[in-house]
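Shown next, in structure tokens, is the structure this report addresses.
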């Protein structure tokens, strides 16, 4: 399998380590392709998003590494961009990057410049559930998937990030069951949108390396539905530390094989390619 990872976070956002450390670790681990995908700026105070004032330095730093390591590893400049309802900015087209990961991490209260996270600690998840949805988990989950679908329709990001991250704090079905009909209907609806727009679903192992879950995003049954629709997939580790660049890649590959996949998408020589797993 050609080792490729397009979902990484270094010190420019909420990751640790210099970009060069990621490149050196990637080469040591045998990667052929490495992409940097710092969290793009948002119009709120945030602990994990890159400040707008750092964007130029980020772009210059990765561009310099591209040239320095040319011939040894393909390096790409990306961004993980947050989508939230009511955002009138043109962030999905404003930045001169090679690729974008579109993700939903929170619900926004734009008028008060606040956000409510669904991809954080359980305490923050509980706050979002109670404050915005009066404890109604079905409304929260449905709103999340509605935003994912809207993001894909409006902005057509090439990659959708951690599709079912809503399960992050749902260990042992604490809040909802993935087998419930309403939940599976939302998944099927979002997958229909993904299929019609040619979006790549990442198989993200970041929740495993950070100790939240025991399987990748998305769940195996969702991957099987992706395969039925011939939706392209890509293994990523959502690494926030160089040592996690290939974290649980073997497990992700096994899940894809079990779901019926024999190939994944990568970005190589500035071209999207399907390569053998």
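Scan segment 101-136 for residues that are assigned to a helix (DSSP H, G or I), surrounded by 13 or more Cβ atoms within 10 Å (Cβ to Cβ) and modelled with pLDDT under 95 and the total you get is 1. Filter segment 144-162 down to residues that are out of contact with any helix residue (DSSP H, G or I) (no Cβ under 7 Å at 6 or more places or on another chain) and within 15 Å of residue 188 (Cα to Cα) and give me whichever is surrounded by the most Cβ atoms within 10 Å (Cβ to Cβ). For segment 144-162, the residue satisfying everything is 147. Give the residues of segment 36-61 that are in contact with a strand residue (DSSP E or B) (Cβ under 7 Å, 6 or more places away or on another chain) and either over 19 Å from residue 3 (Cβ atoms) or assigned to a loop (DSSP other than H, G, I, E, B) (or both), sorted by residue number. Across segment 36-61, the qualifying residues are 38, 39, 40, 42, 44, 48, 49, 50, 58, 59. Within segment 2-15, one or more residues are farther than 24 Å from residue 119 by Cα, under 19 Å from the mean Cα position of the chain (by Cα) and at pLDDT 95 or above. Being over 19 Å from residue 155 (Cβ atoms), in contact (Cβ under 8 Å) with a residue 40 or more places away in the chain, touching a strand residue (DSSP E or B) at 6+ places or on another chain (Cβ under 9 Å) and surrounded by 21 or more Cβ atoms within 10 Å (Cβ to Cβ) holds for only one residue in 33, 23, and it is 23. Out of contact with any strand residue (DSSP E or B) (no Cβ under 7 Å at 6 or more places or on another chain), assigned to a helix (DSSP H, G or I) and surrounded by 18 or more Cβ atoms within 10 Å (Cβ to Cβ), is that true of residue 64? Answer is no for this residue. With the condition kept exactly as written, say whether any residue in segment 178-191 is touching a residue at least 40 places away in the same chain (Cβ under 8 Å), within 16 Å of the chain's Cα centre (by Cα) and either in a loop (DSSP other than H, G, I, E, B) or closer than 29 Å to residue 257 by Cα (or both). Within segment 178-191, one or more residues are touching a residue at least 40 places away in the same chain (Cβ under 8 Å), within 16 Å of the chain's Cα centre (by Cα) and either in a loop (DSSP other than H, G, I, E, B) or closer than 29 Å to residue 257 by Cα (or both). Of the residues in segment 21-39, at least one is over 20 Å from residue 74 (Cβ atoms) and modelled with pLDDT of 95 or more.
The values are calculated or read from the model by the stated rules, or taken from the named source; none is laboratory data. Only a predicted model underlies this, so the values are computations on that prediction, with no experimental measurement involved. So basically every Cβ, Gly included, is an ideal-geometry build from the backbone, and we count neighbours across all protein chains shown.
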